[in-house]
Structures are given as C-alpha cells and as structure tokens.
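Trainee: So that we are looking at the same thing, I have put the structure below in structure tokens.
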Amino acid sequence: MSDMDDIASISASKLCRVTAVTASTDSVDFLYPIRPIDSVSLESFVTWTGKSSMEVFVKVIREDLRSGERKIAATSFLTFVALNEHNKPIPIPQIVPETEEERKLFETAEHRTEMRKHRREESKKFADYLVTKYPWE
C-alpha cells in the first residue's frame, strides 16, 4: 500500500509540479493474490481534478513470469491536494481524459467524490467520540 501511495504521489506531482500531499485513500481492493512466481508493476494516473485536489487511480498488475499471464491484482483511488511553499492549497491544471480507460474513470469520478465527502463527514462525527488522552495521562 505504501508503494501505491508513492506512485500516486508521483502522478499528482507531475500534474501540478508542486508538492502534492495525500488527503485520502479509498479502500484498496485486492482482486488477485500476488504469488512468488509473479512480477509486479504499478500504474497510476490522475483521473479527475477539482480546484486544488485531484483523484489518482492506481492499479497493481501481476504477471506470471512463466506463462506471461497478466491480471489486475489490486486497485485504489487516492486524493491529493496541491500545496504552495506555505503549505496552502493552490489551483491545479485540469485534466483532459484521452483513452477509453481514462474517460470511464473521469465520467465516474463525481460519484466517488460524493462518496468521499460523505465518508469524511461521517469520520469527523465519529472522531468526536474518540479519545485523545489515555486515563493515566
């Protein structure tokens, strides 16, 4: 998962050419196991842009080194925010999807964005019930 965040960070930074920090990670979906006889490659690209935030899609591809069979082993969506030298959000370039895959992910991004907003609101409410100090402090 750390590698997924790292490669997503590269895609985000390449788009905005400034520091981009992880704002959220959607669930990581593990679709197929990665076995010792597999090689692994990761691909990522920005699928949607807002004012200062962007959604980055990551796919993990496993390849059987003996047969050459390739499968998507895992996927995830991460959200990044572009920051200036004072760590304040800044406007970013908008993307234009080019491939069929990019267009499909772009078209479905609004729904994922709404789900993220709802999940964040719920997380904030839940955080009110969490303790920040232990009884012995």
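Values in this text are rule-based calculations from the coordinates and carry no lab data. All values derive from a computational prediction rather than experimental measurement. Heads up, the Cβs are rebuilt from the backbone with ideal geometry, glycines too, and the neighbour counts pull from every protein chain shown.
Trainee: Return the subset of Lys14/Lys88; Lys51/Lys117; Lys14/Lys51; Lys88/Lys125 for which the Cα-Cα distance in this structure is over 20 Å, preserving the input order.
Mentor: Violating the 20 Å limit, Cα to Cα: Lys88/Lys125.
Trainee: For the stretch 26-85, what relative contact order do you get, as a whole percent, if you take Cα pairs closer than 8 Å and at least 6 residues apart?
Mentor: With pairs under 8 Å counted, the relative contact order is 38 percent.
Trainee: Can you give me the relative contact order of the chain as a percent, contacts being Cα pairs under 8 Å and 6 or more apart?
Mentor: Result for the chain is 25 percent.
Trainee: Taking the Cα centre as origin and putting +1 on Lys and Arg beta-carbons and -1 on Asp and Glu beta-carbons, what dipole magnitude results for the chain, to the nearest 20 debye?
Mentor: Computed charge dipole of the chain: roughly 280 debye.
Trainee: Would you mind ranking His86, His118 so that the residue whose beta carbon has the fewest other beta carbons within 10 Å leads the list?
Mentor: Starting with the residue having the fewest Cβ neighbours, the order is His86, His118.
Trainee: Just flag the chymotrypsin sites (Phe, Trp or Tyr not before Pro) in the stretch 1-53 sitting in loop per DSSP whose Cβ has no more than 14 other Cβ atoms within 10 Å.
Mentor: Taking the stretch 1-53 and a limit of 14 other Cβ atoms within 10 Å, no loop chymotrypsin sites (Phe, Trp or Tyr not before Pro) are found.
Trainee: With Cβ to Cβ distances under 10 Å as the rule, what net charge do the other residues near Leu78 carry (K, R +1; D, E -1)?
Mentor: -3
Trainee: Here's something else I'd like to know. Return the calculated 222 nm mean residue ellipticity for the chain, to the nearest 500 deg cm²/dmol, obtained by summing -39500 (n - 2.57) across DSSP H runs with n ≥ 4 and dividing by the residue count.
Mentor: Mean residue ellipticity at 222 nm (helix-derived): -10000 deg cm²/dmol.
Trainee: Now a separate question. Between the stretch 1-46 and the stretch 60-92, what is the separation of their alpha carbon centroids in Å?
Mentor: 3
Trainee: For a quick check: sort Leu65, Leu105, Leu78 by the number of other beta carbons within 10 angstrom, fewest at the front.
Mentor: Arranged by neighbour count, lowest to highest, Leu65, Leu105, Leu78 become Leu65, Leu105, Leu78.
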